[in-house]
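This report refers to the structure that appears directly beneath it.
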Amino acid sequence: MVDIVPLSSYPSYIDLLPSIQTCNITNLPENYFLKYYLYHALTWPQLSFVAVVRPRGGYKSSTTGIAGNVAGEYPKVVGYVLAKMEEEPTDGLQHGHITSLSVMRTHRRLGIAERLMRMSQRAMAESHRAHFVSLHVRMSNVAALRLYRDTLGFEVEKVEDGYYADGEDAYAMRLNLQNMWLDWKAIEKRDAENNKEKNGEEGNEDEGEEVGDLGKKDAEKMIRVKVGRGLGVGDLVEKNESKA
Amino acid sequence: MPETLSSKDHSLFRQVVHHFEMKQYKKGIKTADQVLRKNPKHGDTQAMKALNMSQIGQLEEAFALAKTALQNDMKSHITWHVYGLLLRQEKNYEEAIKAYRFALRLEPESQPIQRDLALLQMQMRDYQGYIRSRSAMLQTRPGFRQNWTALAIAHHLAGDLAEAEKVLTTYEDTLKGATPHVADMENSEATLYKNTIIAETGNVERALEHLEAVGYRCTDVLAVMEMKANYLLRLDRKTEAEAAYTALLERNPDNSIYYNGLIKAKAIPESDHKALKALYDEWVEKNPRCDAARRIPLDFLEGEDFKQAADAYLQRMLKKGVPSLFVNIKQLYVNPAKRDVVQELVEGYLSGKATNGSAESNGDNNEFLSCTYYFLAQHYDYHVSRNLPKAMENVEKAIELSPKAVEYQMTKARIWKHYGNPGKAAEEMEKARLLDEKDRHINTKAAKYVLRNNDNEKALELMSKFTRNETVGGTLGDLHEMQCTWFLTEDAEAFLRQKKLGLALKRFHSVNNIFDTWQEDQFDFHGFSLRKGMIRAYVDMVRWEDRLREHPFYTRMAIGAVKAHLLLHDQPDLVHGPMPSGINGLDSTDENQRKKALKKAKKEQQRLEKVESDKRAARKAAAANAKGADGETKKEDSDPLGNTLVQTQDPLKDAMKFLAPLLRSSPQNIEAQCLGFEVYSRQNKHLLAVKCLVAAHSIDPSNPTLHLQLLRFRKSLESLAEPLPEKIAEVVNAEFDKLLPKTQNLEEWNESYLSTNKGSVAHVQAGLSGRQFLIPESKPQCEQDLLATLDSPDITIDEATAALDILNKWGSDKTAYAEKAGKKWPESSVFELN
């Protein structure tokens, strides 16, 4: 039986990373150093999810993981979605990107990929106010295409010629996520009420900055982490999109 | 005395620094040379030149120059700082910290030196040092939130939760009520970080209170929900916990942990199957496509209820044609009754009894049929329900209906593996691969099966279909670079089985190096994560890195590596390559035969070296300047066959490199403890050997390997060449007496082990080895008894192959055993002696 869990759950399941890497290199030709997975897990910890086989007899429970704790159990990883936010969106719009998604052949058609995607999409919208999520898919990958387009509602944005290392073309697809955004107005209202309580009648709360600022602030920060293969998929993704 | 520079040279020197910062290393070196022409002994310039050199692969020369620079100018923070940086590059962290400290003493205000020192202290887990560094950095720049957070992390990891929380609160107070914007993720994360610290103090009540106050404005919504549910349940606030877990399940009904939480919150007793089933049914209704809520009840339901639920589940999945049905079901088989019910149900579908009368159209029925055959094939292949002829029969029928289905063909290969015929299994897996050559998963399987058949070369060739073969070192180079631990480990194990120890050690070391890299990987994040502000994830990472080698990938590799070293110690001739078994055996007395075999082995080794150097030359010609993934020019491996590793003077000492972390990280692994005994006893480290025995005994006192070791250790204590030092003898005897008392008659003890454990072939094998060890004259009888275990209804093919090794150790003739086993498993190849 398979569980879909957040990579950075409470408590953390970050010790799944080596098994996620193995799942990736077992299934896909686009591979990365562990450090690239770490980079995802430590930059956008909310966005990645893992499918694990529940151990026989369930997980041990611990003080912090009272209902069951995956950490330290090293269950078999049969699927994962590794996702990120676009660091320098060319159009200035915050958006998410699926770096890699795969489910073991032995565990297909249990709805795992769909659940992984939905969890990641929601986190992108809530945590990072992503306008949309983008991804690439091999044109020959009918099953994946069906999932993205028919089940999840992605639309083909364009075709990218020779996107993959073996020369195959990719569909660049995207899905709008704004319907899942948090209601900031409501949060600010609650902030104001709290402040009023604290400061008596004089609570005058500022309205907050505009949404776009966050993106810019983030983009200015330097990234010193070596990523993936020198010109592996991680980088290719950036390059191809900035060409557009 | 240090030289002073003219103003022109001084500006040149500043250029050197600038070039370095801009990563223009070659220019930096050139400019430095300009300065050095006039000021040949200028320490700072020499140091900066060295630093530039270190970045373009000239670390050794850089080191020499940096030392000269230090001699020329001992009072410069630059020469010390650079020296520290070079030491760090060489991963000599302790010395690097000292160098930074010197530099800092000379230039206490320097932010870069302080920062570099702090990063290393974190890497080295010198928390007290890190606290000092971080306090100093905070004092210099208190305006930056990350400096506060960093100090809090330092206290937190050092175990001072109260101080950590205080630091975070002090910063919050400086905001004076100016609430940061919702979009301020650094703030959101710092808030949640503080909350986890409060929870770690054990005061869950306060953690919950804090979370209720601030959680609504944290954008990591799922985390807040998980934390809240967790706290509520721990506080036994049932109604609220129920709501919290319900909310989590509404987001993700595919997580059994949330159901556990909900059930605990509702206080449904484990035995109330009816209530539990009703709960899960509710979630099925809400999420008709969710698997978990349908599947989990099969775990607890019993009897007729189970049968009904299983029937519904199986039929639904088979009709949908879900190929992963069996992997989802097999965990139920720990309960033999459930196993039998599943078998009966699915067999029933085929005979048409229970298909619920729903007349399918022909096409659908075909899919239903092939899926059902496929399910039964896996069922009869699975170890607790194994009936290989039936498995084969079913898989053939499935393949007949869907000849293109990769999974069906894969299962056929698997059945051959379980038949004990790795050659045929690899062949069948290759057929599966050819059905979908673009799929890496099946390619991976095919390569793995080829490795199980000890064909390393063919495996690499298969792997090359999905690797970047232009990488330095070709396919293997790419697999190293992409940290493909499964392949390297399987490759190593295959070499070990063939007693090609050089290559086996080579691969084991590669995996070990990958773990070292993973540990090193955290370094960049000590700074990076503070800038990014994702503090919870960072702290999780630091803690995980501290237990990195607990990972089963490490355990498996380390166990293999220790075995390889032990084999090399016991059979030093293997340094020249594999030799026919029997000659390597302990009974090899024929010196002539040994020499002949040695000669042959050496010749083969020379051939291999030639092949390897040809390959390298070919690669060199193909890509004159191949680059690694990170753009650095990488050198070809100068010892691809692992000669230096295998030619070691002290294999046992080398084994410690793997054994020590293994025992530290996985003390509960009995195989590790037993291997520890093997290494320590050969080193005459009696105390450590006994410690391993005690540990193994506490895990499983009747473990077969341990049983034999206990006997051997008792005997060895009786026949020590020279007595142990008194104090050691005292401890060893006291500890060991608890496991196997001195007064105990060993033969009786062994016979009683045999009779107590007569139901288990592995235990009987150990008992027979024990008898053969205690009474060498009993060998013929032991051989007879070992042969008789083949008549046991429970013996597995793996146990039978293990018996061949046992006979090897006894120096016995294996023919009779192999013949009888070959007849018992007629499809097998593993009993063919060559």
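Where a number appears in this text, it was derived from the coordinates with a stated rule and is not lab data. This is a predicted model, so every value here is computed, not measured. Glycine also receives a Cβ, built like all others from the backbone with ideal geometry; neighbour counts cover every protein chain displayed.
Between Rg and the Kirkwood Rh of segment B:703-824, both from Cα atoms, what is the Rg to Rh ratio?
1.05
Provide the FRET efficiency to the nearest 0.05 for the residue B:653-residue B:216 pair, computing r from the beta carbons and using R0 = 60 Å.
Calculated transfer efficiency: 0.50.
Simple spin-label model, 7 Å along Cα-to-Cβ: residue B:272 to residue B:144 in nm?
According to this spin-label approximation, the distance is 5.6 nm.
I need the semi-axes of the equivalent ellipsoid of segment A:118-174: take the C-alpha gyration tensor, multiply each eigenvalue by 5, square-root it, list largest first in whole angstrom.
Details: eigenvalues 104, 32, 16 Å².
Square roots of five times the eigenvalues give 23, 13, 9 Å.
Using DSSP to call loops (not H, G, I, E or B), can you name the trypsin sites (Lys or Arg not before Pro) in segment B:166-203 whose Cβ has at most 13 other Cβ atoms within 10 angstrom? Kindly include the intermediate steps, with their values, before the conclusion.
Numbers: sites: B:166, B:176, B:194; in loops: B:176.
For trypsin sites (Lys or Arg not before Pro) across segment B:166-203 that sit outside H, G, I, E and B with at most 13 neighbouring Cβ atoms in 10 Å, the list reads B:176.
How big is the Rg/Rh ratio for segment A:35-91, C-alpha atoms only, Rh by Kirkwood, two decimals?
1.11
Which whole-number percentage describes the relative contact order of chain B, with Cα contacts under 8 Å and a sequence gap of 6 or more?
Details: 953 pairs, mean separation 50.6, N = 834.
Taking the mean separation of contacting Cα pairs over the length of chain B, I get 6 percent.
May I ask for the Kirkwood hydrodynamic radius of the protein assembly as shown, worked out over all distinct Cα pairs and given in angstroms to one decimal?
Hydrodynamic radius (Kirkwood, Cα pairs) of the protein assembly as shown is 32.8 Å.
Can you pick out the pairs among A:60/B:286; B:431/B:615; B:448/B:500; B:431/B:820; B:657/B:685 whose Cα atoms lie more than 20 Å from each other? Please report the intermediate quantities before stating the final value.
Numbers: A:60/B:286 28 Å; B:431/B:615 29 Å; B:448/B:500 18 Å; B:431/B:820 31 Å; B:657/B:685 16 Å.
Cα-Cα > 20 Å for A:60/B:286; B:431/B:615; B:431/B:820; rest within.
How many partner chain Cβ atoms sit within 10 Å of a residue's Cβ in peptide A:98-105, on average, as a whole number?
Mean partner shielding for this stretch: 2.
Fewest first, what order do B:775, A:112, B:296 take by the number of other Cβ atoms within 10 Å?
Result, fewest neighbours first: B:775, B:296, A:112.
Give me the base-10 log of I(q)/I(0) for segment A:92-155 at each q in 0.17, 0.25, 0.29 Å⁻¹, Debye formula, one uniform scatterer per Cα, rounded to two decimals.
So the normalised log intensities work out to -0.61, -1.20, -1.44.
Mind ordering B:713-723, B:282-292, B:68-78 by average Cβ neighbours within 10 Å, highest first?
Numbers: B:713-723: 11.7, B:282-292: 16.1, B:68-78: 18.6.
Per-residue Cβ counts within 10 Å, averaged per peptide and sorted highest first, yield B:68-78, B:282-292, B:713-723.
Using a Förster distance of 35 Å, how high is the FRET efficiency between residue B:236 and residue B:461, based on the Cβ-Cβ distance and rounded to 0.05?
0.05
Segment B:734-775: Rg/Rh from Cα coordinates, Kirkwood Rh?
My calculation of the ratio gives 1.02.
Tell me, rounded to the nearest percent, the portion of alpha carbon pairs in segment B:684-757 spaced more than 16 Å apart.
When all Cα pairs of segment B:684-757 are counted, 47 percent exceed 16 Å.
Specify the inter-centroid distance of segment A:114-161 and segment B:519-569, based on alpha-carbon positions, in whole Å.
Taking the Cα centre of each part, segment A:114-161 and segment B:519-569 sit 32 Å apart.
Listed highest first by mean packing, meaning other Cβ atoms within 10 Å per residue, what order do A:42-50, B:509-517 come in?
For the peptides A:42-50, B:509-517, the packing ranking is A:42-50, B:509-517.
If you bin the C-alpha pair distances of segment A:1-62 every 5 Å from 0, what whole percents do you get?
Percent of Cα pairs in each bin: 4, 16, 26, 26, 17, 9, 3, 0.
log10 I(q)/I(0), Debye, Cα-only chain B, no solvent, q = 0.05, 0.07 Å⁻¹?
Debye curve over Cα of chain B, log10 I(q)/I(0) at q = 0.05, 0.07 Å⁻¹: -0.40, -0.81.
How much length would be gained if the chain were fully extended between residue B:715 and residue B:438, taking 0.36 nm per residue of separation minus their Cα-Cα distance, in nm to one decimal? Don't jump to the answer; show the numbers that get you there.
On the way: separation 277, 0.36 × 277 = 99.72 nm, distance 5.85 nm.
Full-extension gain reported as 93.9 nm.
Which three numbers, in whole Å and largest first, are the semi-axes of the equivalent ellipsoid of segment B:34-156 derived from its Cα gyration tensor as √(5λ)?
On the way: eigenvalues 173, 45, 25 Å².
Over the Cα atoms of segment B:34-156, the ellipsoid semi-axes are 29, 15, 11 Å.
Evaluate peptide B:314-326: per residue, the Cβ atoms of other protein chains within 10 Å of its Cβ; return the mean as an integer.
Taking the mean over all residues of the peptide, I get 2.
Sequence gap at least 6, Cα distance under 8 Å: using those rules, report the relative contact order of segment A:93-210 to the nearest whole percent. Working shown, then result.
On the way: 149 pairs, mean separation 27.8, N = 118.
For segment A:93-210, the relative contact order is 24 percent.
State, to one decimal in nm², a quarter of the convex hull surface area for the C-alpha atoms of segment B:319-470, i.e. the direction-averaged projected area.
The number I arrive at for segment B:319-470 is 10.0 nm².
What is the mean number of Cβ atoms from other protein chains located within 10 Å of the Cβ atom of each residue in peptide B:254-265, rounded to a whole number?
Average per residue, whole number: 6.
Exactly which trypsin sites (Lys or Arg not before Pro) in segment B:367-453 are in a DSSP loop and have at most 15 other Cβ atoms within 10 Å?
Sparse-neighbourhood loop trypsin sites (Lys or Arg not before Pro): B:386, B:404, B:438.
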